[in-house]
Amino acid sequence: METLIEHSLQAFGLLVGGDAELWHIVAISFRVSGTALALAIFPALLIAFVLAYSHFPGRRLLISIFSTLMSVPAVVVGLTLYLVLSRAGPLGDLRLLFTQSAMVMGQIALAFPLLVAMCHASLQASDRRAWETARMLGASQARAFCTVLFEVRFGLMAAVLAAFGRIIAEVGASMMLGGNILNYTRNIPTAIALETSKGAFAQGIALGMVLLLLAFTLNILLQYFQGRGHIAP
């Protein structure tokens, strides 16, 4: 118990003391996950909208596929992309393995099905009259699309927060695709795994505190947006 308290105090000291290596790891995590999320949001929204507002053969199958992909373990995604990006893989000539770009690709693959499934659920539950009314009033398809998104904005924000929470805390894909290179691809989860394996518990606990604070913040925001989304008009 005393050891835990001692390590926790050291971890707190690293956080408030502005330890350069620790905060650089945090910055890499937010940069990679933020980039992945930004690249995944718009195409996920388009697919979710098409699945919710269109009827075509195979639509239900696609919905089932995206729902299934949400539960694919991060290490499986990492292994698949590792084989694709390795020298013997089809994209090996691009030399993306063990780079931040490879980590972004892995996190996009993890966030995309979650974004599609959650955005589809929000759009499916929305009032279709918003789209029909906007089109009847002469709005372009793009403007009507934005109108629908505004109507379900709280559900969409919840989807974005949930996706960000998943990818910033995953370790399997980041370890396999990034290689855990110091000051380049070492993010919060991979650093925690490395430091604790070396017995450097203070830095591991400090990074864990960052993830815990982030998880708490995301859950508070998620509860807020979900609550706002259920307020009757």
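Here is the figure for region 16-35: residues that are among the acidic types (Asp, Glu) and either surrounded by 15 or more Cβ atoms within 10 Å (Cβ to Cβ) or at pLDDT 90 or above (or both) total 1. The numbered conditions (1) of a type outside the set (Val, Ile, Thr); (2) surrounded by 15 or more Cβ atoms within 10 Å (Cβ to Cβ); (3) not in a helix (DSSP H, G or I) are all true for residue 57 except (2).
This table checks each residue for (1) surrounded by fewer than 16 Cβ atoms within 10 Å (Cβ to Cβ); (2) modelled with pLDDT of 90 or more.
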{"site": "156", "(1), (2)": "no, yes"}
{"site": "164", "(1), (2)": "no, yes"}
{"site": "169", "(1), (2)": "no, yes"}
{"site": "177", "(1), (2)": "no, yes"}
{"site": "224", "(1), (2)": "yes, no"}
{"site": "229", "(1), (2)": "no, no"}
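Identify, please: which residue in region 188-209 is closer than 19 Å to residue 166 by Cβ and surrounded by fewer than 20 Cβ atoms within 10 Å (Cβ to Cβ) and is, among those, farthest from the chain's Cα centre (by Cα)? Result: 193.
Checked against the criterion of being part of a helix (DSSP H, G or I), in contact with a helix residue (DSSP H, G or I) (Cβ under 7 Å, 6 or more places away or on another chain) and among the aliphatic types (A, V, I, L, M), the candidates 212, 218 yield just one match: 218. Of all residues in region 10-24, those that are among the polar types (S, T, N, Q) have Cβ atoms under 9 Å from Cβ atoms of residues that are assigned to a helix (DSSP H, G or I), 6 or more apart or on another chain, in 10/201; 10/202; 10/203; 10/205; 10/206.
When the test is whether a residue is of a type in the set (A, V, I, L, M, F, W, C) and within 28 Å of residue 67 (Cα to Cα), residue 191 does not pass it. Residues in region 126-138 that are surrounded by fewer than 16 Cβ atoms within 10 Å (Cβ to Cβ) and closer than 18 Å to residue 46 by Cα: 127, 128, 132, 135. Just one of the listed residues (78, 13) is assigned to a helix (DSSP H, G or I) and surrounded by 15 or more Cβ atoms within 10 Å (Cβ to Cβ), and it is 78. Considering only residues that are farther than 26 Å from residue 42 by Cβ and either in contact (Cβ under 8 Å) with a residue 60 or more places away in the chain or hydroxyl-bearing (Ser, Thr, Tyr) (or both), which ones fall in region 80-117? Correct list: 82, 86, 97, 98.
Is it the case, given these coordinates, that residue 64 is among the polar types (S, T, N, Q) and assigned to a helix (DSSP H, G or I)? It is true that residue 64 is among the polar types (S, T, N, Q) and assigned to a helix (DSSP H, G or I).
The values are calculated or read from the model by the stated rules, or taken from the named source; none is laboratory data. Every value quoted in this text rests on a predicted model; they were computed, and no experiment measured them. Neighbour counts are summed over all protein chains in view; Cβ atoms, including those assigned to glycine, are modelled from backbone coordinates with ideal geometry.
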